[in-house]
There are 2 protein chains.
Amino acid sequence: MTVPWPSRPAQVPVLALGDVLLVTLQGELLDTAAEQLQQDIAQRVARSGATGVVIDISGVDIVDSFLGRVLAEIAANARLMAARTVLAGMRPAVAMTLVELGLTLPGLATALDVERALELLSGHPLAAVPSDPGKEDT
Amino acid sequence: MTVPWPSRPAQVPVLALGDVLLVTLQGELLDTAAEQLQQDIAQRVARSGATGVVIDISGVDIVDSFLGRVLAEIAANARLMAARTVLAGMRPAVAMTLVELGLTLPGLATALDVERALELLSGHPLAAVPSDPGKEDT
């Protein structure tokens, strides 16, 4: 499928890792990119039968109400198609800001990093406990 | 580590997946971000003992000589620390442009997507074809 790309693409790639789709958000997510991403994930889940979606936001420094809504909608869409969504890699500062703003992202499972998110989705019981004392990334 | 982030962060996250580090490049990579990324990957390989680095460029529409050099340097660094680098997800249009420009990225193994790159690094024989198996960039 060849589509003409703008000089600076708005698209966020959706990677497949086995039964899980991985999305790495970086910097700011613009409106058009967010909409495209929601469509992409929904289509990829439908097409591939993915059972999980991991959204890594370790490269995101600001989660506002817009992004919070986008994430919630992605998770809701995925769930309607039998896939679970896990939000991975939130920075401490982002978490604190979210709580201050009252945006606690209900309905979104979280994991400290992508590896733990994948373990969570694969059913490991101890996979994603946020309070897990600081383990160095292996 | 809490550092003040500019409104649009230059940092590209480096994700750990088992023994492999995964980097998803999106849009344009600026000079500062490229330098930071090289340092990050080198440090992460050293710290974690990762045996492979997968760089996904499915979200990249332009690979120029600068990015080509950055990728080659990342691969060279990683190899010196006993990790293999695989470039994943290159778009057909990008590949064609690179060949036209004579930038064939010697020394960089390639795979069609991240999943195949991971298989390549885990030693599956049919996973992917290194772009130039014998040729080292020395």
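Results, tabulated for the structure shown:
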quantity: Evaluation of B:V114 against (1) in contact (Cβ under 8 Å) with a residue 40 or more places away in the chain; (2) surrounded by 22 or more Cβ atoms within 10 Å (Cβ to Cβ); (3) touching a helix residue (DSSP H, G or I) at 6+ places or on another chain (Cβ under 6 Å) (one fails), failing number; calculated: (3)
quantity: First in region A:74-93 and farther than 9 Å from A:V45 by Cβ, second anywhere and basic (K, R), Cβ under 8 Å, 6 or more apart; calculated: A:T85/A:R79; A:A88/A:R116
quantity: Selection count where residues are closer than 16 Å to B:L67 by Cβ and among the charged types (D, E, K, R), scope region B:95-120; calculated: 1
quantity: Unique match (being touching a residue at least 12 places away in the same chain (Cβ under 8 Å), under 19 Å from A:G27 (Cα atoms), buried (at least 21 other Cβ atoms within 10 Å of the Cβ) and out of contact with any Pro (no Cβ under 7 Å at 6 or more places or on another chain)) among B:V45, B:V23, B:V63; calculated: B:V23
quantity: Residue list for region B:22-56, restricted to those being among the small types (G, A, S) and either more than 11 Å from every other protein chain (Cβ to nearest Cβ) or at positive phi (or both); calculated: B:G27, B:A34, B:A42, B:A46, B:G49, B:G52
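Residue by residue, here is whether (1) farther than 16 Å from A:A111 by Cα; (2) touching a strand residue (DSSP E or B) at 6+ places or on another chain (Cβ under 7 Å) holds:
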site	(1), (2)
A:L15	yes, yes
A:T24	no, yes
A:A33	yes, no
A:A42	yes, no
A:A50	yes, yes
A:V60	no, yes
A:F66	yes, no
A:L87	no, yes
A:A95	no, no
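A short reminder: the numbers here are calculations on the coordinates, not readings from a lab. Model, not experiment: these values are computed from the prediction. Note: ideal-geometry Cβ built from the backbone for every residue, glycine included; neighbour counts use all protein chains shown.
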